[in-house]
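Trainee: If you scroll down you'll find the structure; I have some questions about it.
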Amino acid sequence: ITGDVWVTLTKPKFADLAREVRVGEGDTPPFLGEMLEGNLTINGRVTDALTQKPVGGAAVLLHTDGPDRKDRANDEGRFALTAVAPGEGELIVEADGFGRERRKIPKLEDASELNLVLKPERILHVHVVDDLDRPIRGATLECVDQPRGDFRSMITDESGSITLRGIHFDAFMLGVRLTH
């Protein structure tokens, strides 16, 4: 065969991928280094734990072995993540005034309607000073909420201060490391 040929790659739970390739010109066969995208859709709703009302504008991010997917909840708190590949993932939801919510999903292909409930945030103010009580700018603060696997890293400002927002309401203890 020589000339242009259409190649279609198919796999269950993935979107079909079609590419045109030229064959028969040269010694080496054409190479297709393509990545299939999933065809799963993950739907869900984000609500406020106190009022049970929708949280519009919440940022929803899905980490997977493939490309990350993200969406923003609409006024009814609804979101839809499309082109998701099967496998495992972690959903992270953030909204102003609420603690960051993380949820592991062991099998994305089995995930149906996800309901995420956000609790109010805890806010941590940190001021870093030296032994003479002078502010230290540029210090790195690393902090982890271990039960939720929620890690953050920030750098102090000119006044040696950092404000860490969006800490989960149920956070009992944070592991903290300062370096400079």
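Each value in this text was obtained by applying a stated rule to the coordinates, not by laboratory testing. None of the values given here were measured: they were computed from a predicted structure. Ideal geometry is used to build each Cβ from the backbone, glycine not excepted, and the neighbour counts take in all protein chains shown.
Trainee: If exposed chymotrypsin sites (Phe, Trp or Tyr not before Pro) are those in a DSSP loop with at most 15 other Cβ within 10 Å, what is the longest stretch of the chain that has none?
Mentor: 32-168
Trainee: Just to compare against my own numbers: the Cα pair-distance distribution for the stretch 25-127, 10 Å bins, whole % per bin, please.
Mentor: 15, 40, 24, 11, 6, 4, 1
Trainee: Oh, and also: Would you mind working out the magnitude of the charge dipole of the chain relative to its Cα centre, with +1 at each Lys and Arg C-beta and -1 at each Asp and Glu C-beta, to the nearest 20 Debye?
Mentor: My answer is approximately 480 debye.
Trainee: Related question: Can you give me the relative contact order of the chain as a percent, contacts being Cα pairs under 8 Å and 6 or more apart?
Mentor: Averaging sequence separation for qualifying contacts and normalising by length gives 16 percent for the chain.
Trainee: Next question, about the same structure. Which label belongs to the value computed from this structure, given these candidates for percent of Cα pairs over 26 Å apart: (1) 39; (2) 47; (3) 51?
Mentor: Comparing each candidate, only (3) matches the computed number.
Trainee: Please state the Cα pair-distance histogram of the stretch 16-68 with 5 angstrom bins from zero: what percent is in each bin?
Mentor: 4, 12, 15, 12, 11, 10, 9, 7, 6, 5, 4, 3, 2, 1
Trainee: Moving on to the next point. Given 0.36 nm per residue, what is the gain on full extension from residue 163 to residue 31 after removing their alpha carbon distance, in nm?
Mentor: Once the chain is fully extended between residue 163 and residue 31, it gains 42.4 nm.
Trainee: Where the centroid of each part is defined by its Cα atoms, how far is the stretch 101-180 from the stretch 36-94 in Å?
Mentor: Spelled out, the Cα-based centre of one part sits 21 Å from the other.
Trainee: Loop only per DSSP, at most 11 neighbouring Cβ atoms within 10 Å: give me the GluC sites (Glu not before Pro) in the stretch 93-150, ordered by residue number.
Mentor: The qualifying sites are 113.
Trainee: Right, something else. Work out the charge dipole of the chain with +1 on the Cβ of Lys and Arg and -1 on the Cβ of Asp and Glu about the Cα centre, then indicate which of 60, 139, 29 is farthest towards its positive end.
Mentor: So the residue furthest toward the plus end is 60.
Trainee: Hand me the tally of lysine pairs in the chain: alpha carbons under 19 angstrom apart, and the pair either on different chains or 8 or more positions apart.
Mentor: Counting lysine pairs in the chain gives 6.
Trainee: Multiplying the sequence separation of residue 10 and residue 126 by 0.36 nm and subtracting their Cα-Cα distance, what value in nm do you get?
Mentor: Answer, rounded to one decimal: 36.5 nm.
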